[in-house]
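To start, the structure itself, in structure tokens.
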Amino acid sequence: MTRSRSAKPPSQRQLKVGELIRHALADIFSRGEITDEVLSRHSLTVPEVRMSPDLKLATAYVLPLGGGEADQVVAHLDKHKRYLRGLLAKQVNMKFMPELRFKVDTSFEASARIDALLASPKVARDLDD
């Protein structure tokens, strides 16, 4: 009989390191330390950074303000991830700087979809009872 593996929640250390890297990335993006024509057109937000359990991989969820060209922004961030890793190593005091991965943050779209569902007439009818 096989047991299904349940996903363990992140440890306090993973959360702390993720927040340190998130703040450092947001600081780098706000100061415009990357010279790239696509990235310079957008203000980037970093809502979350998830760390792997061994702290060797950091997945940064980014979103340009306004949401336009999100895939293109992530592609350009992937091109500069070695440079960003070097900048992070100067700002965050860690023994080993994790490898960076960038993904588009879709949490705002999901919350907007949930809000639209809750505001629909069918749900409002059920809540009136």
Practice task
For segment 70-81, just list the computed ³J(HN,Hα) in residue order, Karplus coefficients 6.51, -1.76 and 1.60, θ = phi - 60°, integers in Hz, with x standing in for Gly and Pro.
Solution key: 5, 5, 5, 5, 5, 4, 6, 5, 4, 5, 9, 5
Practice task
Taking H placed 1.01 Å from N in the peptide plane, check which residues at least 5 places from Thr45 or on another chain put their amide H under 5 Å from its amide H.
Solution key: Leu63, Leu65
Exercise for the section: Before anything else, pin down the relative contact order of segment 26-129: Cα pairs under 8 Å, at least 6 apart, normalised by residue count, whole percent. Expected result: 25 percent
Handout entry: Helix-only CD estimate at 222 nm, as mean residue ellipticity for the chain, using -39500 (n - 2.57) per DSSP H run (n ≥ 4)
Key = -15000 deg cm²/dmol
Problem - Partner aspartates and glutamates for Lys16 [C-alpha distance under 12 Å; skip if fewer than 8 residues away on the same chain] - result: Glu48
Practice task
Run through the DSSP bridge list for the chain and note the antiparallel percent, rounded to the nearest 5.
Solution key: 50 percent
Exercise for the section: Would you indicate which of (1) 18.3, 58; (2) 13.9, 39; (3) 14.5, 47 is the value of Rg and Dmax of the Cα atoms in Å derived from the coordinates of this structure? Expected result: (1)
Exercise for the section: With a cut-off of at most 12 other beta carbons within 10 Å, and DSSP calling the residue loop, which trypsin sites (Lys or Arg not before Pro) in segment 1-85 qualify? Please list them. Expected result: Arg3, Arg5, Arg41, Lys56
Completion exercise
With Cα coordinates, the longest principal axis of the chain makes an angle with the long axis of helix 12-31, in degrees rounded to 10, of 70 degrees
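Values quoted throughout were computed directly from the atomic coordinates according to the rules given, and no laboratory measurement underlies them. Quick caveat, the model's predicted, so the values are computed rather than measured. Cβ atoms come from the backbone with ideal geometry, glycine included; neighbour counts cover every protein chain shown.
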